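The values are calculated or read from the model by the stated rules, or taken from the named source; none is laboratory data. Small disclaimer: the values here were computed from a predicted structure and weren't measured. All Cβ positions, glycine included, derive from the backbone under ideal geometry; neighbour counts span all protein chains shown.
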Amino acid sequence: MAVGAVLRGACDFIPKPVDENKLLAAVGRAVAKCRLLRHEKMQLRASAENWESLTPREKDVAKLIAQGLPNKLVADRLSVSINTIQVHRAKIYHKLGCKSAAEITSLLHLLS
């Protein structure tokens, strides 16, 4: 019975008779887990909204940045100037709230 309950999403299993301290501790852990999951879900939703705020070209640039390509190669692949890529990159970082290419990579993995 305990295994089935845990597989269905139970955070804990407390056998009877219930010790009040164990019950309160289990409820506290469940509430903390719920808060963490809700926070993660809100972050994922915000990240998806931020991603959708990018223009199609900014999305193309972001995907290439996430692959680790430098500005010059991104510019060559998209047939634009390096300055254009630098402007797109700055807008992408601002819109996504990222500070590095690694953060963009993480965000794209999270969204996929």
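Per this entry, K99 is counted among residues that are charged (D, E, K, R), outside any helix (DSSP H, G or I) and out of contact with any strand residue (DSSP E or B) (no Cβ under 7 Å at 6 or more places or on another chain). Every listed requirement among (1) outside the structural domain of D76 (by TED's automatic domain parsing); (2) closer than 18 Å to A90 by Cα is met by V31 save one, (2). Quick one: in the stretch 41-52, which of the residues that are polar (S, T, N, Q) and surrounded by 12 or more Cβ atoms within 10 Å (Cβ to Cβ) is modelled with the lowest pLDDT? Ranking the candidates gives S47 first.
You will find that of A30, A2, A90, the residue that is modelled with pLDDT of 90 or more and among the small types (G, A, S) is A90 and no other.
Checking S79 against (1) among the small types (G, A, S); (2) in contact with a helix residue (DSSP H, G or I) (Cβ under 6 Å, 6 or more places away or on another chain); (3) over 30 Å from C11 (Cβ atoms), only one condition comes out false. Which one? It fails just one condition, (2). Within the stretch 64-109, count every residue that is of a type in the set (D, E, K, R), farther than 18 Å from L44 by Cα and exposed (fewer than 15 other Cβ atoms within 10 Å of the Cβ). Final tally of qualifying residues: 3. Looking at A66, is it farther than 30 Å from D12 by Cα and in contact (Cβ under 8 Å) with a residue 12 or more places away in the chain? Against the criterion (farther than 30 Å from D12 by Cα and in contact (Cβ under 8 Å) with a residue 12 or more places away in the chain), A66 qualifies.
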